[in-house]
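Data block below; observations after.
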Amino acid sequence: MGPGGVRAGRRAPLRAGGGPRHPYAGAAVALATMHGKQRLIAPALQATAGLRVVVAAVDTDALGTFTGEVPRPGTARHTALAKARLGMRALDLPRGLASEGSFGPHPELVLIPAGIELLAFIDDELGIELVEQRSSERTNFAHIETRASDRRTLAFLERVGFPSHAVVVRVNGAHDGPLFKGVTDVSLLERAIRQCAAASGDGRARLETDMRAHLNPTRMGEIAALAAQLGERLARLCPACGAPGHGLLERQRGLPCCHCAQPTELVAHELHGCVRCGHSERRPRADGLRCADPGCCGHCNP
Ligand SMILES: [Zn+2]
Ligand SMILES: [Zn+2]
């Protein structure tokens, strides 16, 4: 690495000199979706990088349906990239996109639910593969066990945004029996609770938020914001090779303690760079924090 932490590009520039045209102006990208996510994703990518989103109506459920388990970003990242490749193969395009969400307890604040949205982008012509991520406490992810649509249940429904947000009703404590997905109708909901409660060993139905994006406006908003984030990233070209997608590559831990200067688990630097040629630079934390509170230090506060 050279002075200032800047690493030289290993791959040849895309074009000499460069011009006002973005390399993706008018280029097609496959979006694997069955539920209209193009409405959320296409406008931002068109406006920022000039990409033309083409829908690949492939069965992404083949890669596993959403289950609402604890977030596993590694797995979700893999799934998002695999979905993007399904779309590319279906349309025979060198570029692909796919979104994936996971929901569960917040990774640091365990009692607070969090949503993590991923948006994968692949360009096999340039050799680019990147996954943008957005985590938010703005999620309605929740469940309740109930016998009837009593006051507690109605309060739950209001809190999760029913009926603009759909719910799932299933038999409590069992994986088989009646299952109602995408419920947004009050009379259907009452019937579903009765049937699932009657089929359950403890007389309860389990109500869950339906986290499929097309039934969950909160997720739709998060995906649209993530698409804008990806668009901004693709609009930034690498200063060394000209490839789109210059941005955050990695967060490096080890911020020194303000009291004893030992490294902590907090992020010390961000590595920004190019996913194509490896050009990168180390930047201090974007929030300006230069040392860690001794409360976060393993030496001062073991
Ligand atoms: Zn310390
Ligand atoms: Zn580059």
Hey, can you tell me all the residues within segment 3-44 that are closer than 14 Å to Leu126 by Cβ and at pLDDT 65 or above? Arg11, Ala12, Pro13, Leu14, His22, Pro23, Tyr24, Ala27, Val29
Report every pair of residues separated by at least 6 positions or lying on different chains whose Cβ atoms are under 8 Å apart, first residue within segment 254-275 and near ligand 1 (Cβ under 9 Å from one of its atoms), second β-branched (Val, Ile, Thr). Pro256/Thr264; Cys257/Thr264
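Here is a yes/no grid of residues against (1) of a type outside the set (S, T, N, Q); (2) modelled with pLDDT of 90 or more; (3) away from ligand 2 (no atom under 16 Å from the Cβ); (4) not in a helix (DSSP H, G or I):
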position: Glu208; (1), (2), (3), (4): yes, yes, yes, yes
position: Leu226; (1), (2), (3), (4): yes, yes, yes, no
position: Arg233; (1), (2), (3), (4): yes, yes, no, no
position: Ala286; (1), (2), (3), (4): yes, no, yes, yes
Looking for something touching a Lys or Arg at 6+ places or on another chain (Cβ under 9 Å), at pLDDT below 90 and part of a loop (DSSP other than H, G, I, E, B) - is there at least one such residue anywhere in segment 129-139? yes
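Among the listed residues Arg170, Arg191, Arg151, which satisfies the condition of being without any contact (Cβ under 8 Å) to a residue 40 or more places away in the chain and loosely packed, with under 14 Cβ neighbours inside 10 Å?
Numbers: Arg170 fails: loosely packed, with under 14 Cβ neighbours inside 10 Å; Arg191 fails: loosely packed, with under 14 Cβ neighbours inside 10 Å.
Result of the check over Arg170, Arg191, Arg151: Arg151.
Take Cys300 and decide whether it is modelled with pLDDT of 95 or more, within 9 Å of ligand 1 (Cβ to nearest atom), assigned to a loop (DSSP other than H, G, I, E, B) and not basic (Lys, Arg). Walk me through it before giving the result.
Values: modelled with pLDDT of 95 or more: no; within 9 Å of ligand 1 (Cβ to nearest atom): yes; assigned to a loop (DSSP other than H, G, I, E, B): yes; not basic (Lys, Arg): yes.
Spelling it out, it is not the case that Cys300 is modelled with pLDDT of 95 or more, within 9 Å of ligand 1 (Cβ to nearest atom), assigned to a loop (DSSP other than H, G, I, E, B) and not basic (Lys, Arg).
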Out of segment 276-297, which residues are aliphatic (A, V, I, L, M) and either free of Cβ contacts under 8 Å to residues at least 24 places away in the same chain or within 9 Å of ligand 1 (Cβ to nearest atom) (or both)? Ala286, Ala292
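Which is at pLDDT 90 or above and within 16 Å of ligand 2 (Cβ to nearest atom), of Pro244, Pro263, Pro294? I'd like the intermediate steps shown before the answer.
Details: Pro263 fails: within 16 Å of ligand 2 (Cβ to nearest atom); Pro294 fails: within 16 Å of ligand 2 (Cβ to nearest atom).
One residue alone meets the criteria, Pro244.
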Of the numbered conditions (1) modelled with pLDDT under 85; (2) closer than 20 Å to Leu40 by Cβ; (3) more than 13 Å from the chain's Cα centre (by Cα), Leu109 satisfies every one except a single condition; which is it? (2)
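Name every residue in segment 270-302 that is acidic (Asp, Glu) and either closer than 13 Å to Gln252 by Cα or surrounded by 13 or more Cβ atoms within 10 Å (Cβ to Cβ) (or both), in order of residue number. First the steps, then the outcome.
First, pick out the residues of segment 270-302 that are acidic (Asp, Glu): 270, 281, 287, 293.
Selection gives Glu270, Glu281, Asp293.
Filter segment 183-242 down to the residues that are closer than 30 Å to Ser280 by Cα and among the charged types (D, E, K, R) and list them by number. First the steps, then the outcome.
Narrowing segment 183-242 to residues closer than 30 Å to Ser280 by Cα: 222-242.
Correct list: Glu222, Glu232, Arg233, Arg236.
The values are calculated or read from the model by the stated rules, or taken from the named source; none is laboratory data. What you are looking at is a predicted structure, and each value in this text was computed from that prediction instead of being measured. Glycine also receives a Cβ, built like all others from the backbone with ideal geometry; neighbour counts cover every protein chain displayed.
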